[in-house]
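A.B. asks: This structure is in structure tokens; I'll ask about it shortly.
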2 protein chains.
Amino acid sequence: MKLPENIKPHLDIIHKNILQSIPDDFPVSLSEPIRYFLQMPGKMIRPLLTLFSSKAVGGNMEDALPAAIAVELFHDFTLIHDDIMDQDDLRRGLETLHVKYGDSTAILSGDALIGLAYSQLMRVPDTSLNAVTKIFTEALVKVCEGQALDKEFEARDDIQLEEYLDMIAKKTAWLIKTACALGAHCGNGTPEQVDLLTSFGYNLGMGFQIQDDLLDFVADENKLGKKVGSDFRMHKTTYVTLKYRRILQSSAQYRSNYPADISKYSSFAEFQQALDELSVIPSGQQEADHYIQLAIADLAQVIPLESGNPLYEITRFLQRRQY
Amino acid sequence: MKLPENIKPHLDIIHKNILQSIPDDFPVSLSEPIRYFLQMPGKMIRPLLTLFSSKAVGGNMEDALPAAIAVELFHDFTLIHDDIMDQDDLRRGLETLHVKYGDSTAILSGDALIGLAYSQLMRVPDTSLNAVTKIFTEALVKVCEGQALDKEFEARDDIQLEEYLDMIAKKTAWLIKTACALGAHCGNGTPEQVDLLTSFGYNLGMGFQIQDDLLDFVADENKLGKKVGSDFRMHKTTYVTLKYRRILQSSAQYRSNYPADISKYSSFAEFQQALDELSVIPSGQQEADHYIQLAIADLAQVIPLESGNPLYEITRFLQRRQY
């Protein structure tokens, strides 16, 4: 499934403005690595949500553009710093920034992107500026908390599903809800519309992240563009492993037939079979769908749910994506 | 020379509020390293400048406290990330954060401090909030630029004195001028007062940094609390080496008697003797004093220059400090 064609012109505007956000007189040791990273755009879901949230409340997409750029630059900062912490080598098909330019440059590029993100935000009309700056700042703190919890979880083997959901609420869903909230503010939405789109973004973000975790176990490798099973091989705790353990807890028979410790599985295929026998993936899919349904219910109170409506299309795209 | 005794209660208030800026529900993997860092307070020059700038324009110090805390947290973020990039092991007499907790934790702690700094800033009264957020954001971008230039200079041997002054203007003076500008805004200073205190902060910052560079060559080790000559041994380009080269350029005789390449000196004592013969330190002291005089001239247009006035005392303290 693809994003609808009518979204493409907006993607081009976002990408152009993102590249223009680097000041012309920036030191080359900052502009070059940042340009390297920004030239490989992602799906741009977050800035699209900002623009279309503004439109959904009857506002102007132009007024929401600085906030949309700010959200994407913020997202880029998190990716660059997370890649250092996670020692990841590849991002969007290219070498990660720290592999290509070294840790120091990657740290500083991420820091500068926070500054450039706020700089873009400062272009929001003064009437909305206090509100959006407060929301944006809260997101910065929460996303750092989410990343801290994610790193803490790597050293623990007793993580509960609820703790995991709290972590992804901060690490992933918070910025997605912020993207929507900023758009609603920039479009001068009513307080009720702002609340609904904030809730929409949160639920969408939760559904998106659970879906993302499921995909690493079931995706079509050709469509995903990378090997499935990397979370399994890295012994990473995700929604899938926690749901697996939660299902084991529900039955003594399960507990005697399946190991609680996933590292006991000798192969990914063997673990996939256990997931299949225990219906872990359909059960997770149900929870992801539940969040998406909540998101759609929020959205329905703001705009009519018609095919072609961009927020509705993005939601359905994220729900059905296989990559 | 010490800061006057009447400043101490303000230092205590700042330190208490800085520790309280860490949210109670922060993940322990963030609150512990941040608390570790914040427990060893520095001289707190920047937040003091914010408080007293507010007072100087007839404002309330209480109203400037959130901005003062924001400035100090911002400064702490730069120290933590710079220490990683510079691979420094000691800070304020203790292990640097990245040595004690690892690079990942130090990166994330710095990021979180940017968020906490902005969170504090959000407590500034709404009437000043837009202005202070814009000034603060510009500082974030400029300080990153300054750090990038500083790192670029490490790989070059053709740096000009003017480039160096531009670098320290961004890396050091910008945050000091921001500290003063924020205080002037929070105290509801007139545009003219804001401009004067901004200029005061810039000149003070430039004088401070040049003085800092000089101290590494001439300080009394007991008062400085660390070995002098570390810049020489690390082959670091600073104001002193650039001024040395600039003086050589003024005379063919100097150029034949003294090597342009400082690494030709076999010992620190030998280089110190050359500095002495060429009057490099007095010449640098003159430039530092020049900036301090400009700062004092700015200040004189805002408040009467009386002994006991805190901004005047801080200026004199920085001018005469030997550590």
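Since every read-out is calculated from the coordinates, none of them should be taken as a lab result. Since this is a predicted model, take the numbers as computed values, not measurements. For neighbour counting, all protein chains shown are included, and Cβ atoms are generated from backbone atoms with ideal geometry for every residue, glycine included.
A.B. asks: Any idea which of A:HIS185, A:LEU215, A:LEU196 is furthest toward the positive side of the dipole for the stretch A:149-260, if Lys and Arg beta-carbons carry +1 and Asp and Glu beta-carbons -1?
C.D. replies: A:LEU215
A.B. asks: Within the set A:LYS43/B:LYS151; A:LYS171/A:LYS264; A:LYS55/A:LYS151; A:LYS43/A:LYS243; A:LYS151/A:LYS264; B:LYS171/B:LYS264, which residue pairs have Cα atoms separated by over 26 Å? Could the numbers behind the result be given before it?
C.D. replies: Numbers: A:LYS43/B:LYS151 33 Å; A:LYS171/A:LYS264 29 Å; A:LYS55/A:LYS151 37 Å; A:LYS43/A:LYS243 28 Å; A:LYS151/A:LYS264 23 Å; B:LYS171/B:LYS264 29 Å.
Result: A:LYS43/B:LYS151; A:LYS171/A:LYS264; A:LYS55/A:LYS151; A:LYS43/A:LYS243; B:LYS171/B:LYS264 exceed 26 Å.
A.B. asks: Output the Kirkwood hydrodynamic radius of the stretch A:257-323, Cα pairs only, in Å rounded to one decimal.
C.D. replies: Working: mean 1/r = 0.0690 Å⁻¹.
For the stretch A:257-323, the Kirkwood estimate is 14.5 Å.
A.B. asks: How big is Rg to Rh over the protein assembly as shown, alpha-carbon atoms, Rh as the Kirkwood inverse-mean-distance radius? Walk me through the numbers before you get to the answer.
C.D. replies: Working: Rg = 27.3 Å, Rh = 26.8 Å.
Here Rg/Rh amounts to 1.02.
A.B. asks: Under a point-charge model restricted to the Cβ atoms of Lys and Arg (+1) and Asp and Glu (-1), what is the dipole moment magnitude of the stretch A:5-320 relative to its Cα centre, in debye to the nearest 20? Can you show the working numbers first?
C.D. replies: Values: 29 positive and 45 negative charges, 65 e Å.
Rounded to the nearest 20 debye, it is 320 debye.
A.B. asks: Give the average, rounded to an integer, of partner chain Cβ atoms located within 10 angstrom of each Cβ in B:75-82.
C.D. replies: Values: counts 0, 0, 2, 1, 0, 0, 5, 3.
The per-residue average across the peptide is 1.
A.B. asks: Okay, moving on. How many nanometers, to one decimal and shortest first, lie between the label point of B:GLN39 and those of its other copies, if labels sit 7 Å from Cα toward Cβ?
C.D. replies: Distances between equivalent label points, in nm: 4.7.
A.B. asks: Report the extension gain between A:ASN257 and A:GLN160 in nm, rounded to one decimal, defined as 0.36 nm multiplied by the number of residues separating them, less their alpha carbon distance. Numbers along the way, then the final one.
C.D. replies: Details: separation 97, 0.36 × 97 = 34.92 nm, distance 2.13 nm.
Full extension of this stretch gives 32.8 nm more.
A.B. asks: In Å, what Rg and Dmax follow from the Cα atoms of the stretch A:5-320?
C.D. replies: So, for the stretch A:5-320, Rg and Dmax equal 20.2, 67 Å respectively.
A.B. asks: When Cβ neighbours within 10 Å are restricted to other protein chains, what is their mean count per residue of peptide B:111-121? Kindly include the intermediate steps, with their values, before the conclusion.
C.D. replies: On the way: counts 13, 7, 2, 9, 11, 4, 2, 9, 5, 1, 3.
Per residue, the number of nearby Cβ atoms from other chains is 6 on average.
A.B. asks: Short version: ³J(HN,Hα) in whole Hz for each residue of the stretch A:313-319, in order, from phi by Karplus 6.51 cos²θ - 1.76 cosθ + 1.60 (θ = phi - 60°), x for Gly and Pro, what are they?
C.D. replies: In residue order, the calculated couplings are 5, 5, 4, 5, 4, 5, 5 Hz.
A.B. asks: State, to one decimal in nm and shortest first, how far the label point of A:SER307 sits from each corresponding label point in the other identical copies (label point: 7 angstrom along Cα-to-Cβ).
C.D. replies: 8.6
A.B. asks: Still on this model: Quick one: helix B:280-300 against the long Cα principal axis of chain B, what's the angle to the nearest 10°, folded into 0 to 90?
C.D. replies: It is inclined by approximately 30 degrees.
A.B. asks: Angle, helix B:268-277 long axis vs. longest principal axis of chain B, Cα atoms, 0 to 90°, nearest 10?
C.D. replies: Computed tilt is about 80 degrees.
A.B. asks: Follow-up question, since we're still on this one. Using only the alpha-carbon atoms, how far is helix A:28-38 inclined from the longest principal axis of chain A? Give it as 0 to 90 degrees, nearest 10.
C.D. replies: Approximately 60 degrees, to the nearest ten.
A.B. asks: Moving on. Tell me, what does the Kirkwood hydrodynamic radius of the stretch B:170-273 come to in angstroms if you use every pair of distinct C-alpha atoms? Before the final figure, lay out each step's value.
C.D. replies: Numbers: mean 1/r = 0.0620 Å⁻¹.
16.1 Å is the Kirkwood radius here.
A.B. asks: List, in order, the whole-Hz ³J(HN,Hα) value for each residue of the stretch A:240-246 obtained from phi through the Karplus relation with A = 6.51, B = -1.76, C = 1.60 and θ = phi - 60°; use x for Gly and Pro.
C.D. replies: Listing the rounded values in order: 5, 5, 6, 5, 4, 5, 5 Hz.
A.B. asks: About the Cα centre, and with charges only on the beta carbon of Lys, Arg (+1) and Asp, Glu (-1), how big is the dipole of the stretch B:113-156? Nearest 20 debye, please. Don't jump to the answer; show the numbers that get you there.
C.D. replies: Values: 5 positive and 6 negative charges, 22 e Å.
It works out to roughly 100 debye.
A.B. asks: Additional query: How big is the equivalent ellipsoid of the stretch A:89-207 along its three axes, where each semi-axis is √(5λ) from the Cα gyration tensor, reported in whole Å from largest to smallest? Please list the in-between numbers first.
C.D. replies: On the way: eigenvalues 153, 99, 27 Å².
Ellipsoid half-lengths, sorted descending, are 28, 22, 12 Å.
A.B. asks: Kindly give the distances from B:ARG320 to its copy-mates, label point to label point, with each label point 7 Å from Cα along Cα→Cβ, as nm values to one decimal ordered shortest first.
C.D. replies: Once sorted, the set of distances for B:ARG320 reads 7.7 nm.
A.B. asks: If you filter the stretch B:112-174 for trypsin sites (Lys or Arg not before Pro), then keep DSSP loop positions with at most 15 other Cβ within 10 Å, what is left?
C.D. replies: Values: sites: B:ARG123, B:LYS134, B:LYS142, B:LYS151, B:ARG156, B:LYS170, B:LYS171; in loops: B:ARG123, B:ARG156.
Qualifying residues, ordered by number: B:ARG123, B:ARG156.
A.B. asks: Please arrange B:ILE176, B:ILE22 by how many other C-beta atoms lie within 10 Å of their C-beta, fewest to most.
C.D. replies: Values: B:ILE176 27, B:ILE22 18.
With the fewest neighbours first, B:ILE176, B:ILE22 line up as B:ILE22, B:ILE176.
A.B. asks: Using each residue's phi in the stretch B:94-101, evaluate 6.51 cos²θ - 1.76 cosθ + 1.60 at θ = phi - 60° and report the 3J(HN,Hα) Karplus result to the nearest Hz, with x for Gly and Pro.
C.D. replies: 10, 4, 5, 4, 6, 5, 6, 10
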